[in-house]
């Protein structure tokens, strides 16, 4: 068999169609979940977060541009547990026919009374133990959507999951140094229930699970009395909420500001909480410092 001259062989090779790497086009409901998807998916996923940095996922109002993003998506990720009340309408209007992955599937949910109703606490990711479940569900969904890159997603996902497990253990050790009587924090709304359950911290807030809830004058007065009685001396604002009410309550109790927490929205890139890991580390460090 004749061998092709080198020049011809090279031109034939260059003319051959390139083997393109698969890229999953994903949409995530809010910035924390989008970051988890990006970390698990790595170079084989492009993620669009509907709720942007410092945005409130409870009061979010989708735009026609968001509907277009869903229409072109391969996968849509939501946290679930009732947080994204706007998502079903958006999916219907967009015409999206693919799978909607509920990242909180398999989590032991917290339930609480709010406005006379029993509802799920949607903020499951604030416990890093649950963060591991989120990342595992994301990894399995990406493998099913793009089996060709399954080995990559497993490697990427398992490395990320190990990082989250170490953070969970670190947080437990950090709070174990603080007497139980001092593990109390005032925040803007009730977003840290799973965190408190996992790490033994008590949280008080003027409003419930949703930032759209409103506190009555009697609720505020009762909370002020409770803060004084329990001697809670640290309060925090949240990056996605209006800080005025929690500041008003804190001023009536003499509590000192502990800084800012990031329970459900990341900062812009370059900020102190621009990833799920960075936000969790910051929240733990800030709380522990306020208790010492």
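How much of the pair distance distribution for region 24-169 lies past 22 Å, counting alpha-carbon pairs only, in percent?
That fraction is 38 percent.
So how much slack lies between residue 72 and residue 268, counting 0.36 nm per residue of separation and subtracting their Cα-Cα distance, in nm?
68.1 nm
Treat each spin label as a single point 7 Å out from the Cα along the C-beta direction, and report the residue 158 to residue 180 distance in nm.
Label-label distance for residue 158 and residue 180, simple model: 3.9 nm.
If the chain between residue 99 and residue 115 were fully stretched, how many nm would it gain, using 0.36 nm times the residue separation less the Cα-Cα distance?
2.5 nm
Enter the per residue convex hull volume of region 70-155, computed from alpha-carbon coordinates, in Å³ rounded to the nearest integer.
In region 70-155, the Cα convex hull volume per residue is 102 Å³.
Just need the relative contact order of region 101-204 here, percent rounded to a whole number, with Cα pairs under 8 Å and 6+ apart.
Contact order relative to length: 27 percent.
Cα atoms only: what Rg and Dmax, in Å, come out for region 100-142?
Looking at region 100-142, its Cα Rg and Dmax stand at 12.0, 39 Å.
Extending each Cα 7 Å along its Cβ direction at residue 144 and residue 202, get the distance between those two points in nm, one decimal.
So the two model labels end up 4.2 nm from each other.
Rounded to the nearest 5, what % of DSSP beta bridges with both residues in region 24-169 are antiparallel?
If I count the DSSP bridges inside region 24-169, around 25 percent turn out antiparallel.
We did not get these values from a lab; they are worked out from the coordinates using the rules stated. This is a predicted model, so every value here is computed, not measured. Positions of Cβ are backbone-derived with ideal geometry, glycine not excepted, and every protein chain shown enters the neighbour counts.
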